[in-house]
Amino acid sequence: MLKFIKNYLWPVFLVLFIIGSGFFIFGVYNSFQVVSGEVSEEPSEDATENEEEDFIEDPLDENDDEETTEVPGEDAEEIREDSSEGLNFISLGDSLARGTGDDEGLGFSGRVVENLRDSSDEPITYNNFAVDGFQSPQLLELFENPDLMEEIEKADIIFLSIGGNDLRRIQNLAVEEQERAYESLEEMYFETLEETFRLLRGENPEALVIFLGLYNLDYSEVNQDETEFLLRWNAAANQWISLEENAVFIPTYDLFQFQLETFLSFDGLHPNDEGYEAIAQRIIDVLPSFD
């Protein structure tokens, strides 16, 4: 047996050893060539084209990472593209002017516009620049927006609701402090409103301003003191607006007095669909004919 291995098998082992050594040396050599940069593979034409396509920038993506600032009215419904003809409506002020609480997102101003669309052949443009929580000084600051001033210049009707958030500032004061605070607040409010109208009329002396009065959130005797302030506020606003040319005061106090649960949204503060519709119908009753 040993003689057989010695005479016949050892040459086979020797051949296998030589072949294995050759492969080992060849692999080491190629590795050295790749590392040293002497061995390279030319990319195919198809691969080159694919790589170039991967680096082509999509012009639609160039602004993806940019932050945008929401401008009041930017997402407003535009019923008509060309505003050079037809009727132009804008809404200014606080959350009531914005339509907060309306499931349809229209608010009283949007509902007035929708009603006019159904009854008039005039094309209509409507933009809403109102902002939740706005007080009168913030509305005045908004008049620094050139886009807003451009819309005011073109407007035929301007819906305006402002003052509710101003008046609420005295609610948490002690009773003995409320009277003095109210007098100071009312004086500041009408000074701000006067400046607001001065800027508004400087751009557009002819537009009809629809000014919304305040309703009460509690008509009970328990709330009698705050109700008195609200009635005084409404009376002063009514008188002030009535002295302005091309302006009308829309009362809402009586509108909600016996319909509070029906007209308020789930937040107990803003009107719901029915409440805004009731306000819209009262406004429609005083609007001039656009036929």
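We did not get these values from a lab; they are worked out from the coordinates using the rules stated. Keep in mind the model is a prediction, meaning the values are calculated, not measured. Note that each Cβ is placed from the backbone with ideal geometry, even for glycine, and that neighbours are counted across all protein chains shown.
Just a few scattered comments:
- Stretching the chain fully between ASP132 and VAL248 yields a gain of 39.5 nm (0.36 nm per residue, less the alpha carbon separation).
- Loop GluC sites (Glu not before Pro), region 214-277, which have at most 14 other Cβ atoms in a 10 Å radius of their Cβ (DSSP): GLU245
- Summed over all non-identical Cα pairs, the Kirkwood treatment of region 87-286 gives a radius of 17.3 Å.
- Where labels lie 7 Å past Cα in the beta-carbon direction, separation of ARG169 and SER184 in nm: 0.9 nm
- Separation between Cα centres of region 191-246 and region 95-123, rounded to whole Å: 21 Å
- Modelled FRET efficiency - R0 35 Å, ARG232 with ILE284, Cβ distances, 0.05 increments: 0.80
- Efficiency of FRET between GLU194 and GLU122 - r from beta-carbon atoms, R0 25 angstrom, step 0.05: 0.20
- Here the contact order of region 87-286, divided by its residue count and restricted to Cα pairs under 8 Å and six or more residues apart, works out to 26 percent.
- Net charge of Cβ neighbours under 11 Å - reference GLY268; Lys, Arg +1; Asp, Glu -1: -3
- Extension gain, LEU269-ASP103: 0.36 nm per intervening residue step, less the Cα-Cα distance, totals 58.3 nm.
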